[in-house]
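S.K.: Okay, here's the structure, questions in a sec.
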Amino acid sequence: MGSGKSDVKNVLIMRHGEAGQGFPDHARPLTPRGVKEVSVMAQWLARRIEQGELPCPTLYASPFVRAQQTAQLIADALGCSLQTLSFLTPDDRLSTVGNWLLNLPDDGPIMLVSHMPLVGELTGRLVEGALSQGMSFPTAAIAELEAEVLATGCATLKRFTQPSQLS
């Protein structure tokens, strides 16, 4: 094993909070309920980081308004920076995200804020190794994965938490 340092990568995959109806899709904002859902999750993550249970992640989000609002609430609560990735939208290819994850430098945990179906398919692919329907992902839910390599079928689902479990 060499250095004795853990080679396990931690990835949190979050679906944005509840968004309003409307068009164009990329401009739909969070509803007041969506803001509340995300705030509950942000405070829960912040407590876990304060207690040393979870390292502070690097945050990446879809450019869509509802994902940016979600990620900004998380970033503000955790005191971490936010980066936007153009390929985290609902219409993007799973393979693009998968290739990006494989080439990611090992700089600690990451958190992705995106949309259905991408979050469900990505979690399903990383954990189960198959492209199925993926996981059901309520709004503002977070899947916590752990893997030595962020590749198809190589991750373990450590925890799945949704706002209704915390409020």
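The values are calculated or read from the model by the stated rules, or taken from the named source; none is laboratory data. The structure presented is a predicted model; accordingly, all values stated were derived computationally and were not measured. Cβ coordinates were reconstructed from backbone atoms using ideal geometry, including for glycine residues, and neighbour counts include every protein chain displayed.
S.K.: Looking only at residues in the range 97-113 that are farther than 15 Å from Ile13 by Cβ and assigned to a helix (DSSP H, G or I), which one is modelled with the lowest pLDDT? Let's see the steps before the verdict.
M.R.: Start the filter on the range 97-113 by keeping residues that are farther than 15 Å from Ile13 by Cβ, which leaves 99, 102-103, 105-108.
From what is left, the residues that are assigned to a helix (DSSP H, G or I) are 99, 102.
Values: Asn99: 93, Leu102: 90.
Once the filter is applied, the top-ranked residue is Leu102.
S.K.: Could you check, for the range 24-46, whether at least one of its residues is assigned to a strand (DSSP E or B) and crowded, with 16+ Cβ neighbours inside 10 Å?
M.R.: yes
S.K.: Could I ask something else about it? Which of the following residues is touching a strand residue (DSSP E or B) at 6+ places or on another chain (Cβ under 8 Å), surrounded by fewer than 17 Cβ atoms within 10 Å (Cβ to Cβ) and assigned to a loop (DSSP other than H, G, I, E, B): Thr139, Thr89? Break it down stepwise before answering.
M.R.: Values: Thr139 fails: surrounded by fewer than 17 Cβ atoms within 10 Å (Cβ to Cβ).
Result of the check over Thr139, Thr89: Thr89.
S.K.: Another one. List pairs: first in the range 78-96 and without any contact (Cβ under 8 Å) to a residue 24 or more places away in the chain and farther than 11 Å from Leu112 by Cα, second of a type outside the set (Val, Ile, Thr) and in a strand (DSSP E or B), Cβ under 7 Å, 6+ apart or cross-chain?
M.R.: From residues that are without any contact (Cβ under 8 Å) to a residue 24 or more places away in the chain and farther than 11 Å from Leu112 by Cα, the pairs are Ser81/Leu59.
S.K.: What pairs can you find where one residue is in the range 8-26 and on the phi < 0 side of the Ramachandran plot, the other is buried (at least 21 other Cβ atoms within 10 Å of the Cβ) and of a type in the set (Phe, Trp, Tyr), and their Cβ atoms are less than 9 Å apart, with a gap of 6+ or different chains?
M.R.: Ile13/Phe137; Met14/Phe137; Arg15/Phe137; His16/Phe64; Ala19/Phe64; Asp25/Phe64; His26/Phe64
S.K.: Tally up the residues in the range 50-66 that are outside any strand (DSSP E or B) and aliphatic (A, V, I, L, M), please. Before the answer, list the steps.
M.R.: Going through the range 50-66, the residues outside any strand (DSSP E or B) turn out to be 50-57, 62-66.
Those still in the list that are aliphatic (A, V, I, L, M) too: 54, 65.
Counting residues in the range 50-66 that are outside any strand (DSSP E or B) and aliphatic (A, V, I, L, M) gives 2.
S.K.: Which residue pairs have Cβ atoms closer than 7 Å, lie 6 or more positions apart in sequence or on different chains, and pair a first residue in the range 97-123 that is in contact (Cβ under 8 Å) with a residue 12 or more places away in the chain with a second residue that is among the acidic types (Asp, Glu)?
M.R.: Here the result reads Leu118/Asp92, each pair linking the range 97-123 to a residue that is among the acidic types (Asp, Glu).
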